[in-house]
1. Take the residues in segment 112-141 that are in contact with a Gly (Cβ under 8 Å, 6 or more places away or on another chain), in a loop (DSSP other than H, G, I, E, B) and surrounded by fewer than 21 Cβ atoms within 10 Å (Cβ to Cβ), then tell me which one is modelled with the highest pLDDT.
2. Filtering segment 65-108 down to residues that are over 20 Å from the mean Cα position of the chain (by Cα) and in a helix (DSSP H, G or I), which residue is farthest from ligand 1 (Cβ to nearest atom)?
3. Of all helices (runs of 4 or more DSSP H) completely enclosed by segment 182-243, which ones contain at least 3 residues that are in contact with a Ser or Thr (Cβ under 8 Å, 6 or more places away or on another chain) and over 18 Å from residue 142 (Cα atoms)?
4. Might you let me know whether segment 147-155 holds any residue that is within 12 Å of ligand 1 (Cβ to nearest atom), closer than 22 Å to residue 21 by Cα, aromatic (Phe, Trp, Tyr) and surrounded by 17 or more Cβ atoms within 10 Å (Cβ to Cβ)?
5. Counting just the residues of segment 256-285 that are in contact (Cβ under 8 Å) with a residue 60 or more places away in the chain and within 22 Å of residue 321 (Cα to Cα), which one comes out farthest from ligand 2 (Cβ to nearest atom)?
6. Residues that are among the small types (Gly, Ala, Ser), touching an Asp or Glu at 6+ places or on another chain (Cβ under 8 Å), crowded, with 24+ Cβ neighbours inside 10 Å and closer than 19 Å to residue 371 by Cα: does segment 275-298 have at least one?
7. Does residue 48 satisfy the criteria of being touching a residue at least 60 places away in the same chain (Cβ under 8 Å), surrounded by fewer than 24 Cβ atoms within 10 Å (Cβ to Cβ), under 19 Å from residue 389 (Cβ atoms) and under 20 Å from the mean Cα position of the chain (by Cα)?
8. Select from segment 142-151 the residues that are part of a strand (DSSP E or B) and not polar (S, T, N, Q) and write down the one among them that is farthest from ligand 2 (Cβ to nearest atom).
Amino acid sequence: MIIEPRTRGFICLTSHPKGCEQNVIDQIEYIKSKGAIDGAKKVLVIGASTGFGLASRITSAFGSGAATIGVFFEKPPAEGRPASPGWYNSAAFEKKAHKAGLYAKSINGDAFSNEIKKQTLDLIKADLGQVDMVIYSLASPVRTHPETGVRYKSVLKPIGAKFQNKTVDFHTGVVSEVSIEPAQGDDIDNTVAVMGGEDWKMWIDALKNEGLLAEGFTTIAYSYIGPSLTEAVYRKGTIGRAKDHLEATAFTISDSLKPLNGKAYVSVNKALVTQASSAIPVIPLYISLLYKVMKEEGIHEGCIEQIQRLFQDRLYADTTPTDDEGRIRIDDWEMRTDVQARVAELWKEATTETLPKIGDLKGYEKDFFNLFGFMVEGVDYDEDVNEIVEIPGLQ
Ligand code: NAI
Ligand code: NA
């Protein structure tokens, strides 16, 4: 079939297998061009199919020659209906990994559930014996708690006061005022239940209890801070409380890993266009201004550049530098004083009329469509493609 983008609100309903494959190939080539990284050799990636998790899987496999198991939640294809992009990404990744002689298998299902945890543990037991790294990169709006069955929904709201600021609809380029009512009731707790650290700890505990963690084991999860511009709705909002919890959980996990000489890290990453971040109000306007400034400065990075730098210069460097709160920072270029001062200036000037000039709306849009395999260079979109693509190592 010929597959075209079909958008509804902040999501794209279709995705292109060839475009997704090309994205994965480009990321693999990038990692290979940067040379070997002396990293972990048996890696479990939870949230492995898109964004930072996919980049982490690619960096582990093609940077360090690691065997990888990927866990994700993606929609398989059906006759006449394309899969979700993470499905095609994972298919392309496994094909390339197997060709390179690398072990790669995947599990598609709800990572929050006991069933998927058990299936993953069994696979590690059978195939790898142990893992020496777990990358935790889930982004989800909901979580069903495995013990209570309660289904939590996360919300993106400010805390304490109404938030009012500019935002952009990146499909139309229209800049408008948004107003978001503050969190109420169980909003904060619900968001922490979904995006906080409880599930990360459950995974590590389960692996540890079964003896599946190697001596010197490390685990890493991803966080975000961002500037004062977005603070009310992000870091000091409900999602920020979840990130506080995730970051605190790293210390709890590190304590539990002491007998293994293990460690849990949080890395604070740069703001990037992913399926998760497109849904957060205000962030797309911030990102389009940030991209403009960072590209002008020659310091723009995507997920793969970020994770390559994280592994090479932080995680697997001789020493792993962290901030006062023990976090690895690869948002250092985003947070540079000159970059943020420039973004803050542009923010004041941003209107529907000025944004195409002062912001990188085109770059935002291209990155957004790229997530779904569209607008990817080197792909012939007029060509008939088979939407039914298998993931070779899917369990
Ligand atoms: P993403 O949406 O690209 O990836 C999410 C991954 O989680 C996918 O592999 C998806 O299949 C998987 N997933 C979602 N629900 C699942 C479930 N129930 N069971 C199994 N797998 C599930 O998201 P992105 O942006 O890569 O986010 C990953 C982490 O990085 C998040 O913690 C996010 O907060 C953080 N981060 C994101 C930034 C951004 O600007 N995008 C910046 C800094 C940190
Ligand atoms: Na991810």
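The values are calculated or read from the model by the stated rules, or taken from the named source; none is laboratory data. Since this is a predicted model, take the numbers as computed values, not measurements. Here Cβ is always computed from backbone atoms with ideal geometry, including for glycine, and neighbour counts include all displayed protein chains.
1. Within segment 112-141, the first condition is being in contact with a Gly (Cβ under 8 Å, 6 or more places away or on another chain), and the residues that meet it are 115-116, 119, 130, 132-133, 135-139.
Now narrow it down to the ones that are in a loop (DSSP other than H, G, I, E, B): 130, 137-139.
Then keep just the ones that are surrounded by fewer than 21 Cβ atoms within 10 Å (Cβ to Cβ); that gives 130, 139.
Numbers: 130: 98, 139: 95.
My answer is 130.
2. 99
3. 198-209
4. Filtering segment 147-155 for residues within 12 Å of ligand 1 (Cβ to nearest atom) gives 151-152, 154.
In the following step, the residues that additionally are closer than 22 Å to residue 21 by Cα were identified as none.
No, segment 147-155 contains no residue that is within 12 Å of ligand 1 (Cβ to nearest atom), closer than 22 Å to residue 21 by Cα, aromatic (Phe, Trp, Tyr) and surrounded by 17 or more Cβ atoms within 10 Å (Cβ to Cβ).
5. Initial filter on segment 256-285 (in contact (Cβ under 8 Å) with a residue 60 or more places away in the chain): 264-276, 278-282, 284-285.
Then drop every residue that is not within 22 Å of residue 321 (Cα to Cα), which leaves 264-271.
Details: 264: 18, 265: 16, 266: 15, 267: 12, 268: 15, 269: 10, 270: 14, 271: 14 Å.
Out of the qualifying residues, it is 264.
6. Residues of segment 275-298 that are among the small types (Gly, Ala, Ser), as a first pass: 276-279, 288, 298.
This time we only want the ones that are touching an Asp or Glu at 6+ places or on another chain (Cβ under 8 Å), so: 288.
Within this subset, residues satisfying the condition of being crowded, with 24+ Cβ neighbours inside 10 Å are 288.
With closer than 19 Å to residue 371 by Cα added as a condition, the list becomes 288.
Yes, segment 275-298 contains a residue that is among the small types (Gly, Ala, Ser), touching an Asp or Glu at 6+ places or on another chain (Cβ under 8 Å), crowded, with 24+ Cβ neighbours inside 10 Å and closer than 19 Å to residue 371 by Cα.
7. Spelling it out, it is not the case that residue 48 is touching a residue at least 60 places away in the same chain (Cβ under 8 Å), surrounded by fewer than 24 Cβ atoms within 10 Å (Cβ to Cβ), under 19 Å from residue 389 (Cβ atoms) and under 20 Å from the mean Cα position of the chain (by Cα).
8. 151
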